[in-house]
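Worksheet for the structure shown next.
Bear in mind that the values in this text are calculations on the coordinates, not laboratory data. If you're wondering where the values come from, they're calculated on a predicted model, not measured in any experiment. No Cβ is skipped: glycine too gets one built from the backbone with ideal geometry, and neighbour counts run over all protein chains shown.
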Protein chains: 2
Amino acid sequence: MEVTQLRCIKCGRTHEPTTDVLTCSDRACGGLLDVEYDYRSIARTVDRDALSASSDRTMWRYGVFLPLGPDSRRPGLQVGGTPLYRTRHLGRALGLDDLWVKDEGLNPTASLKDRASAVAVTRAFEGSFATVACASTGNAASSLAGYAASARLRCVIFVPSRAPEGKVAQLLIFGATVISVEGSYEQTFTLSEKAIEEHGWYNRNAAINPYLIEGKKTVAFELAEQLGWTVPDWVAVSVGDGCTIAGIYKGFRDLVQVGWLDRIPRLLGVQAEGCAPVVRALGTGRLEPADEDTLADSIAVGKPRNPDKAIHAVRASHGTMVTVSDDEIFEAMRLLGRYAGIFGEPAGVTGLAGVRRAFKGGLIASGERIISIMTGNGLKDIASGTRAVAPPARIPPEYEALEGVLRAAGIGRD
Amino acid sequence: MEVTQLRCIKCGRTHEPTTDVLTCSDRACGGLLDVEYDYRSIARTVDRDALSASSDRTMWRYGVFLPLGPDSRRPGLQVGGTPLYRTRHLGRALGLDDLWVKDEGLNPTASLKDRASAVAVTRAFEGSFATVACASTGNAASSLAGYAASARLRCVIFVPSRAPEGKVAQLLIFGATVISVEGSYEQTFTLSEKAIEEHGWYNRNAAINPYLIEGKKTVAFELAEQLGWTVPDWVAVSVGDGCTIAGIYKGFRDLVQVGWLDRIPRLLGVQAEGCAPVVRALGTGRLEPADEDTLADSIAVGKPRNPDKAIHAVRASHGTMVTVSDDEIFEAMRLLGRYAGIFGEPAGVTGLAGVRRAFKGGLIASGERIISIMTGNGLKDIASGTRAVAPPARIPPEYEALEGVLRAAGIGRD
């Protein structure tokens with residue numbers, strides 16, 4: 001393992017990378033930690049060509065960049081190796097010459113969060129934990145539950161009782177112990193933190209655990225490799241807590257550190273207008289809690305817990321952030337479905353909606369190479385999918401009625 | 001292309017493999033066709049090692065076995081390359097030593113049907129069709145709509161108006177023209193056939209189009225390759241129309257024909273008790289329409305259109321068929337989720353339910369190597385997922401209430 005230490009991003013104090021250390025040990029600080037590596041040693045161990053020749057198509061092919069023992073037991077489910085599509089038709093519809101979409105909805109539990117959960121479960125093995133736990137209403141929870149099931153770890157999930165039935169079904173099918181809390185998300189989170197501390201479970205709250213970003217960064221490795229180790233102009237992604245965009249930055253930075261890339265692409269962070277505390281903090285320098293007024297539930301995070309890492313990622317990459325309305329998110333959902341055959345959940349297509357907004361606003365140019373990361377499958381939120389489209393034509397089983405509908409739709413003989 | 005001809009499975013008449021021929025041209029016969037290949041030429045063109053070295057992870061790596069020009073335009077979405085898991089925990093829970101699950105729910109539109117749709121859309125390109133069409137309530141329709149969108153082909157889908165909202169949402173997101181017919185599935189199908197003939201669209205009704213099985217057979221190629229070109233004892237899969245099991249048989253048979261395998265595994269076809277016309281026909285030799293009384297909607301096919309090919313597949317492989325109750329299907333859904341972290345729709349896990357039934361009935365032995373094909377993602381049918389499990393524990397946001405729940409569940413300190 002090439003990890004040297006964990007460094008507090010607030011006070012700079014360093015820590016040994018033992019399984020029980022998750023946040024800064026200085027009680028007065030308690031800051032988030034960042035995992036540091038010996039990049040010279042990594043660069044000596046492996047080169048791009050050797051890595052490209054690996055027959056392992058999962059994210060474990062990038063194991064040398066991960067904070068895990070090379071021989072540690074891994075969870076059963078595969079993760080990563082998702083397709084990167086050059087979406088020419090979609091690009092043409094938007095006026096963009098070189099638009100690509102990475103479909104993270106094809107991970108085992110249907111979201112990018114699987115990359116983080118796979119690392120969390122491996123760390124739990126390394127620390128001989130029997131139970132993993134987190135508070136979440138959505139993809140992080142279902143992802144952790146799936147990976148824990150495949151690894152036969154016990155899994156305790158805390159959800160606010162307003163959590164959508166569908167996402168709860170996924171948790172229960174994976175055999176998690178689901179605690180439905182009659183209270184706000186904040187109350188649910190607090191209860192989970194207390195229970196985790198009391199019981200000594202492994203903590204997969206993304207806000208706390210520094211290893212999760214290390215899993216998420218593998219999406220950047222895959223992107224770079226799928227593009228033949230070249231750097232795109234922009235990578236666009238939705239922002240909630242801030243961990244995903246921070247992970248993407250970390251991944252590209254790792255590749256620059258070992259000399260495989262010469263720069264980091266500009267990152268476009270996208271939030272929903274109705275819940276954009278990170279975008280505001282980028283402008284004002286001050287994080288203030290926001291309402292959670294958007295249908296993109298996976299990024300409806302009024303009090304993000306990782307804004308510093310997210311803002312650093314945007315600034316250090318010379319990127320920017322934009323907000324989009326829920327209508328623009330629905331429009332992105334339709335465009336992605338219609339022109340690329342990909343069905344994304346609202347937060348999943350928010351990055352694409354941001355690309356459109358940024359192009360219209362002159363922030364990005366039509367000739368630039370743009371990657372939009374689609375973070376979650378639309379099948380997770382059929383209700384929003386239904387809201388995004390007009391209902392179908394309904395007819396009696398008679399040929400004349402059909403002809404009328406087809407004529408109205410302008411559909412004739414081939 | 002290594003196709004020699006199409007042969008009618010009813011009267012034996014042969015046909016040229018032109019795009020406009022789908023069924024036997026003898027009007028009095030009208031039988032289904034089977035695609036035939038020059039296996040000697042295939043064996044001369046490629047060997048297993050060359051194929052295994054291919055960097056293409058999609059089903060197109062098996063292109064030499066497909067009825068498509070090697071340079072024909074392909075749809076944008078990737079297809080195939082799904083994971084095959086050795087599910088040790090699940091096997092142990094069932095008393096099986098060597099159980100594997102192939103997760104076809106990780107195809108782009110979340111079902112095995114993508115393999116057929118990818119071939120259909122490529123054939124439509126080859127014939128310069130502008131429109132593809134089919135009648136279906138489920139996975140075939142959403143799959144065709146997705147692939148057509150990625151290829152910018154027009155897509156017309158006929159569904160009975162009782163079709164579940166979720167599956168219709170997927171179709172509409174992909175921009176298909178959806179005709180909701182106020183009538184039975186039979187009336188819907190008949191209307192689609194008339195419209196397809198009148199307008200000259202490309203016909204993706206699996207009952208009719210002989211090329212769809214050619215796409216489905218690639219799941220057998222992948223299985224064999226993932227097992228290091230060895231043959232398992234059993235391959236289990238759910239049966240509706242009969243095309244999927246026929247495709248699996250065809251795939252293994254192709255590999256025997258070119259000398260890459262020495263035998264075909266025994267096929268276990270599984271139907272729901274409430275709709276098992278193929279199982280009955282296997283016993284009596286006579287196909288009689290059945291009720292469609294099962295929650296496994298994707299295999300609720302009372303009048304299957306491909307029973308002959310399905311029964312042939314079971315007999316020629318020295319396999320068998322079993323039925324399972326809806327309760328057994330729900331139990332399989334829970335077991336697969338809990339012990340493997342895979343969420344399947346009811347028809348998706350019916351093969352696994354059948355493995356359990358066959359093992360209990362002494363048809364298969366604990367030491368045999370068994371592959372269960374999971375045909376569709378559980379996120380397509382959240383309602384059934386919810387029915388399969390007990391609701392979560394609901395508590396006020398107080399630590400004492402939580403302790404009570406954890407004690408009752410037997411969960412303590414790690």
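Please provide three numbers in whole Å: the alpha-carbon extents of chain A along the principal axes, with the largest listed first.
74, 50, 46
Rg (Å, one decimal) plus Dmax (Å, integer) for the alpha carbons of the stretch B:93-162?
Answer for the stretch B:93-162, Rg first and Dmax second: 15.6, 52 Å.
With each pseudo-label sitting 7 Å past Cα toward Cβ, what's the A:M1-A:T230 distance in nm, one decimal?
Between A:M1 and A:T230, the label points sit 3.8 nm apart.
When the C-alpha atoms of the stretch B:112-223 are aligned to their principal axes, what extent does each axis show, in angstrom, from largest down?
40, 29, 24
Could you check what % of the DSSP bridge pairs in the protein assembly as shown are antiparallel, to the nearest 5? Please list the in-between numbers first.
Numbers: 28 of 96 bridges.
Rounded to the nearest five, the antiparallel share is 30 percent.
Can you list the aspartates and glutamates whose alpha carbon is less than 15 Å from that of A:K216, not counting same-chain residues fewer than 8 positions off?
Leaving aside aspartates and glutamates fewer than 8 places away in the same chain, those within reach of A:K216 are A:D34, A:D103, A:E104, A:D114, A:D241, A:D254.
Hey, got the Cα dimensions of the stretch B:25-181 along the principal axes, in Å, largest first?
That gives 47, 45, 37 Å along the principal axes, largest extent first.
What list of ³J(HN,Hα) couplings, whole Hz, do you get for the stretch B:397-412 from phi and the Karplus terms 6.51, -1.76, 1.60, once you set θ to phi - 60° and write x for glycine and proline?
x, 10, 5, 5, 4, 4, 4, x, 5, 5, 4, 4, 8, x, 9, x
For the stretch A:185-191, in order, what is each residue's ³J(HN,Hα) by Karplus, 6.51 cos²θ - 1.76 cosθ + 1.60 with θ = phi - 60°, in whole Hz (x at glycine and Pro)?
Each residue's phi maps through the Karplus curve to give 4, 4, 5, 5, 4, 4, 4 Hz.
When you have a sec, figure out the Kirkwood radius of the protein assembly as shown from all distinct Cα pair distances and drop it here in Å to one decimal? Intermediate results must be reported in sequence, preceding the final value.
Working: mean 1/r = 0.0366 Å⁻¹.
By the Kirkwood definition, the hydrodynamic radius is 27.3 Å.
Out of all DSSP beta bridges with both ends in chain A, state the antiparallel percent to the nearest 5. If you can, show how the numbers build up before the last one.
Working: 14 of 45 bridges.
Close to 30 percent.
Let's test the formula: R0 of 41 Å, r as the Cβ-Cβ distance of A:S25 and B:R73. What FRET efficiency results, to the nearest 0.05? Can you show the working numbers first?
Values: r = 59 Å, r/R0 = 1.44.
That gives a FRET efficiency of 0.10.
Once phi is turned into θ = phi - 60°, what whole-Hz ³J(HN,Hα) does the Karplus curve with 6.51, -1.76 and 1.60 give for every residue of the stretch B:156-170, x standing for Gly and Pro?
10, 10, 9, 10, x, 5, 6, 4, x, 3, x, 5, 5, 4, 4
Which of the aspartates and glutamates could be linked to A:K194 by a straight reach, that is with a Cα gap under 14 Å, when you skip same-chain ones fewer than 8 residues away?
Once the sequence-local aspartates and glutamates are set aside, what remains near A:K194 is A:E186, B:E398, B:E400, B:E403.
Scan around A:G344 for amide H atoms under 5 Å from its own, H built in the peptide plane at 1.01 Å from N, and keep only partners 5 or more places away or cross-chain.
Long-range HN contacts for A:G344: A:G378.
What average count of beta carbons from other chains do you get within 10 Å of the Cβ of residues in B:161-174?
Other-chain Cβ atoms within 10 Å of each residue's Cβ, averaged: 6.
Report relative contact order for chain A in percent, whole number only (criteria: Cα-Cα under 8 Å, sequence separation at least 6). Could the numbers behind the result be given before it?
Working: 831 pairs, mean separation 64.1, N = 414.
Over chain A, the number comes to 15 percent.
So, how do all the Cα-to-Cα distances of the stretch B:180-229 break down into 5 Å bins, in percent, from 0 on up?
Calculated over all Cα pairs of the stretch B:180-229, the distribution is 4, 17, 17, 15, 13, 10, 8, 7, 6, 2 percent.
Pairs A:K167/A:K309; B:K102/B:K380; A:K113/B:K380; A:K380/B:K217: which are spaced more than 25 Å apart, C-alpha to C-alpha? Write out the running numbers ahead of the final one.
Values: A:K167/A:K309 28 Å; B:K102/B:K380 18 Å; A:K113/B:K380 20 Å; A:K380/B:K217 29 Å.
In this structure, A:K167/A:K309; A:K380/B:K217 exceed 25 Å between Cα atoms.
Within the set of other residues whose C-beta is less than 12 Å from the C-beta of A:A409, count the net charge using Lys and Arg as +1 and Asp and Glu as -1.
So the environment of A:A409 carries a net charge of +1.
Hey, what's the Cα Rg ratio for the stretch B:203-342 versus the globular rule of thumb, 2.2 N^0.38 Å?
On the way: Rg = 15.2 Å, N = 140, 2.2 N^0.38 = 14.4 Å.
The stretch B:203-342 yields a ratio of 1.06.
Relative contact order for the stretch A:242-396: what percent, with Cα pairs under 8 Å and sequence separation of 6 or more?
Values: 234 pairs, mean separation 34.3, N = 155.
Relative contact order of the stretch A:242-396: 22 percent.
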